1. May I ask for the net charge around K275, where only other residues with Cβ less than 13 Å from the Cβ of K275 are counted and Lys, Arg are +1 while Asp, Glu are -1?
2. Relative contact order for the chain: what is it in percent, counting Cα pairs under 8 Å that are at least 6 residues apart?
3. With a point put 7 Å past each Cα toward its Cβ, work out how far D359 is from L383 in nm, to one decimal.
4. For region 93-116 and region 224-288, what is the separation of their Cα centres, given in Å?
5. Hey, of [x] 26, 59, 15, 0; [y] 21, 36, 22, 16, 4, 0; [z] 25, 55, 16, 3, 0, which did the structure itself give for P(r) over Cα pairs in 20 Å bins from 0, in percent when calculated?
6. How far apart, in nm, are the 7 Å Cα→Cβ label points at Q63 and A242?
7. Helix-derived [θ] at 222 nm for the chain: sum -39500 (n - 2.57) over DSSP H runs of at least 4, divide by residue count, nearest 500?
8. As I understand it, the value is the acute angle between the Cα axis of helix 211-224 and the longest principal axis of the Cα atoms of the chain; what does it come to in degrees, rounded to 10?
Amino acid sequence: MTRRFKVLVFVVVLLLTAATGIVVVWAERDDQQPVTILGTWTGTQEKQFKEVLQGFGIPFRYQGTAAQREVLLSKVQSGEPPDIVIMPGIGELAEYAGQKRLKRLNDLYDPHQYGSPWNAASAVSPNVYWVPVKADLKSIVWYRQGHRPADSPARLQSWCIGMGDDGASGWPGTDWIEDLVLQHAGPDIYGKWALGRKPGKDRKTTWWTSAPVRNAWQAWAALLQQNKAAAAHALLTDHRGAPGSPGLLFGGWRGCTLEHQGSFARSFYGEADSKQAELMDSAPLLPGGPGPVRAHEVTGDFAALFSDRRPAKDLIERLASKEGQQKWAELAHVFSANRQVKPEGGPVEGDIAERLTGDGPRCLDASDVMAPAVRDAFYEAVLLTIARAATGQDLDIGALLDDVQAVQNAQPGRTAAPKTVCSAQ
């Protein structure tokens, strides 16, 4: 259909409806219009991402925002969703897929380039609705070069911790709980908890109040109770550190020396300090350790399609390809879940890439997989735990976990949730 013919049809529709007082709104995108993309990257990373996209030769319009969930919901409700959304929340994407708003990606990337759990299909169909276009490693601890800690649990004063974030405060605390569940109870239990599946034959038993989760929460709470001032500081501190500071590891509270944070933490340290940051597996340093490394928690930014437009599909295909991912990694020094992409940098980057795409067990971030309402309740319970530890109140962990479980129980069936959270062991 030509543009001239489209305009003519639109005018005719207006003329036919004017006499009856009906208001007609016709919103149509053709393949000549730019591909609209909604993501979370702003600042330097937004500029780098746009540079990658410009190399594809596909017109696009990118919007980066820290309030992505609210912006996306508003756009969907108004009937004008973006062609592509890129977000870490698989649980949120699963809700849109369950509402049949997302388009399948099965033919737009090579699943053999992405190992499990990155290419997981939904639990009830072989369809794939998201693909990782950036990956990060968790279950690690950063320390200053030349100051490797002993393989034993560290006291609270040693940890650089911040709970603050734009619109998602509390998520750094969920990483502690998740890592404790993963290292102490193993990938199988971790995966069932993340997906909210019933544990075993006893349908009265629930994961949030089960021993693995309760024990992990109590171990973390005991760490927080070691120092009220440190707990209070963690509650009031941004996870990236103060504006203009070299992140928490190099500019944190009272000379803290360890940071339990994902591979993206180095972007907070600045170019000079990031070269002085080294990493080790978190398992020996966690409360209740030292213990073996059972698996690595990983996270990603996943691209999903709200549109069937050919240019949008082409952009996803190029971004998820080996060539697109390699360019993104080289330009922004980010990591990819694509097995064929070579990391940029030295030994530290190699160690991260091996854990992200190698043979060891990997599990997606549990809170990212959970239904949004459960995830938000998880965040709130974490913040309440820290606040009570900072003020010397009774933590009442049982009641907190009961509340999160009640939110979990209220969730409808999740037809588009991933089939698995962890890779094969």
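None of the figures in this text is laboratory data; all of them are computed from the coordinates on show. Every value quoted in this text rests on a predicted model; they were computed, and no experiment measured them. In this analysis, Cβ positions are derived from the backbone assuming ideal geometry, glycine residues included, and neighbour counts consider all displayed protein chains.
1. Once all neighbours under 13 Å are counted, the net charge is -2.
2. Relative contact order, the chain: 29 percent.
3. Spacing of the two 7 Å Cα→Cβ label points: 4.4 nm.
4. 34
5. Answer label, from the structure shown: [z].
6. Taking the simple label geometry, Q63 and A242 are separated by 3.5 nm.
7. -12500 deg cm²/dmol
8. 70
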